[in-house]
Amino acid sequence: MPPATTLPDRGVFTETYLPPPIGGDYHQKHVVTVDQFTRPDLELLFRAARTLKRRMRTGDRGLSHIAAGRVLGLLFFEASTRTDLSFQAAMRRLGGVTIGASNGIEFSSVHKGENLADTVRAAGCYADAIILRHPQVGASFFAARYLDLLGEQLGRRPVVISAGDGTGEHPTQALLDLFTILDERPSIDGATVTMVGDLKHGRTVHSLAKLLAVHQAPGLTVACVSPGELRMPADIIGLLRDRNVRTVETDTLENVIGVSDVIYWTRVQQERFADIGEYRRIARRFVLTPGVFAGAPPACVLMHPLPRKHEMGDRHDRDRLDADPRAAYFRQMQNGMLVRMALLALVLQNAHI
Ligand code: NCD
């Protein structure tokens with residue numbers, strides 16, 4: 001394989017902002033990178049998410065008092081279904097309310113050319129927390145910095161939670177992904193987690209790989225399967241190795257599918273390609289049909305952050321994969337709401353559920 005290419009630089013968001021570590025206390029903290037987390041922070045969050053799952057199943061009405069009176073602002077500068085809906089559902093199930101530009105962000109003052117620092121602060125004037133998805137790497141760091149300045153003026157601390165920063169990170173997706181892995185398996189000690197597809201542009205795999213390094217399961221292997229052009233960034237591979245996570249990089253799925261305990265399939269991120277011809281050349285390199293999935297172990301957990309396009313075959317292929325008990329992506333989606341409920345409860349209310 002050729003050497004890994006580097007990610008695009010941070011563009012306008014070049015200033016560095018160091019978000020505070022969670023350090024056991026989520027209350028009023030921005031959430032912009034998985035670097036803020038330690039293993040005990042994850043355990044605290046996942047315990048709350050498990051309790052919420054149980055309480056939701058029993059129809060516990062008390063849940064709707066947890067964030068009562070709180071307001072969540074949604075600023076999505078990129079397309080979203082799951083992240084948007086799950087944050088909205090999470091907030092409403094906790095009794096809080098959500099606000100967003102009535103006709104979509106493109107008809108907000110962004111349309112008039114307003115800059116991100118001002119749009120974010122406008123939302124911060126009205127909401128307690130802001131969910132931000134933006135096409136540029138580092139946008140949520142930039143927002144955190146300006147919200148800190150706003151907080152000094154308002155005498156309260158509106159926070160930002162990243163819902164995906166371009167090709168950078170998607171921290172809450174990684175939280176729900178790791179929660180799902182731990183929920184689906186007795187343990188990940190000694191497991192092989194295989195990530196497949198666009199590992200260069202995929203922010204979900206960047207955050208998940210880093211979070212697996214934070215979690216530090218003994219004997220864990222992270223296998224990265226991609227075309228040579230779409231390799232996992234070298235700094236993330238380096239981080240995994242520094243944290244004693246074994247890594248394998250290959251462009252041949254057959255090398256690892258048979259030993260994979262978790263398979264994390266991903267979409268080739270068409271919107272990130274400057275050259276559409278390059279996308280077309282690479283896009284169909286990895287397609288998970290039921291025939292290909294037959295090579296995976298019987299107890300394997302199949303995940304996908306979704307949305308999916310052709311990388312899981314045609315409709316018939318997808319229907320067959322969906323019916324396979326190893327396909328965990330619908331449970332993964334529901335976990336997204338539960339983990340985001342736990343996160344909002346902790347960040348907004350310091351509620352230890
Ligand atoms: C992902 C994203 O937006 O990064 N979707 C999601 O949040 N579940 C993955 C993708 O778009 O491929």
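The values are calculated or read from the model by the stated rules, or taken from the named source; none is laboratory data. Worth saying up front: this structure is predicted, and the values here are computed from it rather than measured. As a convention, Cβ positions derive from the backbone with ideal geometry for all residues, glycine included, and neighbour counts pool all protein chains shown. To get the accessible areas, we keep the full protein, side chains included, count just its heavy atoms, and leave off ligands, DNA and RNA. Shrake-Rupley method; radii C 1.70, N 1.55, O 1.52, S 1.80 Å.
Values computed for the structure shown
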item	result
Hits in the stretch 69-79 (condition: out of contact with any helix residue (DSSP H, G or I) (no Cβ under 9 Å at 6 or more places or on another chain) and either near the ligand (Cβ under 9 Å from one of its atoms) or over 18 Å from Ala123 (Cα atoms) (or both))	none
Single residue of Gly190, Gly155 found to be open to solvent by 30 Å² or more (accessible area, probe 1.4 Å) and under 30 Å from Gly73 (Cα atoms)	Gly155
Within the stretch 231-336, helices (runs of 4 or more DSSP H) holding 3 or more residues that are open to solvent by 80 Å² or more (accessible area, probe 1.4 Å)	234-242, 315-322
All positions within the stretch 220-230 that are touching a Leu at 6+ places or on another chain (Cβ under 6 Å) and part of a loop (DSSP other than H, G, I, E, B)	Ser226
Checking Thr98 against (1) away from the ligand (no atom under 16 Å from the Cβ); (2) part of a strand (DSSP E or B); (3) surrounded by 22 or more Cβ atoms within 10 Å (Cβ to Cβ), the condition it does not meet	(3)
Matching residues, the stretch 13-50, being at pLDDT below 95 and surrounded by fewer than 13 Cβ atoms within 10 Å (Cβ to Cβ)	Thr14, Glu15, Thr16, Leu18
Filter result (of a type in the set (S, T, N, Q) and under 18 Å from Arg61 (Cα atoms)) within the stretch 326-353	Gln349
Odd one out for Glu229 among (1) over 23 Å from Val268 (Cα atoms); (2) in contact (Cβ under 8 Å) with a residue 60 or more places away in the chain; (3) over 20 Å from the mean Cα position of the chain (by Cα)	(1)
Criterion violated by Ala217 - all others in (1) part of a strand (DSSP E or B); (2) over 18 Å from Asn255 (Cβ atoms) satisfied	(1)
Residue ID - nearest to the ligand (Cβ to nearest atom), chosen from residues in the stretch 80-95 that are of a type outside the set (Asp, Glu) and open to solvent by 30 Å² or more (accessible area, probe 1.4 Å)	Arg82
